[in-house]
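The values are calculated or read from the model by the stated rules, or taken from the named source; none is laboratory data. For clarity, every value in this text was computed on a predicted model and none was experimentally measured. When we count neighbours, we look across all protein chains shown, and the Cβ atoms used for this are built from the backbone with ideal geometry, even at glycine. Protein only, heavy atoms only, side chains kept; ligands, DNA and RNA dropped before computing areas. Shrake-Rupley method; radii C 1.70, N 1.55, O 1.52, S 1.80 Å.
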Amino acid sequence: MRGLVIWGSGGHSRVVADTAQAMNVFDRTVFHDDDPAIATPSIPQLLAAGFGEFIIAIGSNSSRALRFDEALQVGLSAATCIHPTAWISPHAAIGAGTVVMARAVVQSNARIGRNCIINTGAIIEHDCVIRDHSHLSPSVTLGGAVTVGQYVHIGIGAIALPGARIGDRSVIGAGAVVLREIPADATAIGVPARIRPK
């Protein structure tokens, strides 16, 4: 039997739960939340009940990374959830703990790291690299050979042209178009994407 712990209980977690259900590989799922005001089973209780796998269903990249490491340390195994309507090249690689939502496309030789969110309808073209703990929002499009660093958040409908590079921890605004390179720790908005002063 495969029991899945969905860590988080907000709106994103419900989409993750729908994805897991659509896969038809988990016998049971349960929500866990750190908020003591929300009555969910503790991790020791879940382990005792035979739940062995987890997905972190938290939108914040830094919070998701912390919980990912915590779940591994207590003995849970990271699941990978891919909606059956997503198209994944047999020559692509997707890291443990990553969720690929409905109608997303991941093309040949793309490499997606651990604990990422590839949201609804996102397109990742050939030879892209997306590093751990990053989040591609709905309808993001990455051209071929784009590199996305760790902890990056790319907003709804944003585009990165082929060969573009986005540095660690950067944020790309909704609808922005990245032409070449965005450095680490930057926020870029607009068409073409320009770094917003801090």
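The value of relative contact order for the stretch 50-136, using C-alpha pairs under 8 Å at least six residues apart, is 24 percent. Mean separation of Cα pairs under 8 Å and 6 or more residues apart, divided by the residue count, gives the stretch 108-163 a relative contact order of 32 percent.
The trypsin sites (Lys or Arg not before Pro) of the stretch 1-102 meeting both criteria, a DSSP state outside H, G, I, E and B (loop) and at most 16 other C-beta atoms within 10 angstrom of the site's C-beta, are 2. Normalising the average separation of contacting C-alpha pairs (under 8 angstrom, six or more residues apart) by the number of residues puts the relative contact order of the chain at 12 percent.
If you run the Gaussian network model on the chain, springs between alpha carbon atoms under 10 Å, then out of 63, 77, 137 the most flexible one is 63. Once backbone amide H atoms are built at 1.01 Å from N, residue 53 has 3, 5, 77 as its partners under 5 Å, excluding neighbours fewer than 5 places away on the same chain. Here the chain exposes an accessible surface that is 54 percent carbon and sulfur, computed with a 1.4 Å probe and the other protein chains kept in place. Paramagnetic label reach from residue 66 (point 7 Å along Cα→Cβ; backbone nitrogen cut-off under 18 Å): within the stretch 166-198, residues 169. Near the amide H of residue 194, within less than 5 Å, lie the amide hydrogens of 189, all on another chain or at least 5 residues away, with H placed in the peptide plane. For the chain, the longest principal axis of the Cα atoms and the long axis of helix 61-73 meet at an angle of about 40 degrees. Axis angle, to the nearest 10 degrees, between helix 11-23 and the longest C-alpha principal axis of the chain: 80 degrees. Heavy atoms of the protein chains alone define the surface here; on that basis the chain has 45 Å² accessible area per residue at 1.4 Å probe size.
Counting only Cα atoms, the chain measures 51, 39, 25 Å along its principal axes, largest extent leading.
Projecting the Cα positions of 75, 36, 147 onto the charge dipole of the chain (unit charges on Cβ atoms of Lys, Arg, Asp and Glu, taken about the Cα centre) puts 147 furthest along the positive direction. Taken about its Cα centre, the stretch 12-135 carries a charge dipole of roughly 200 debye when the Cβ of each Lys and Arg holds +1 and the Cβ of each Asp and Glu holds -1.
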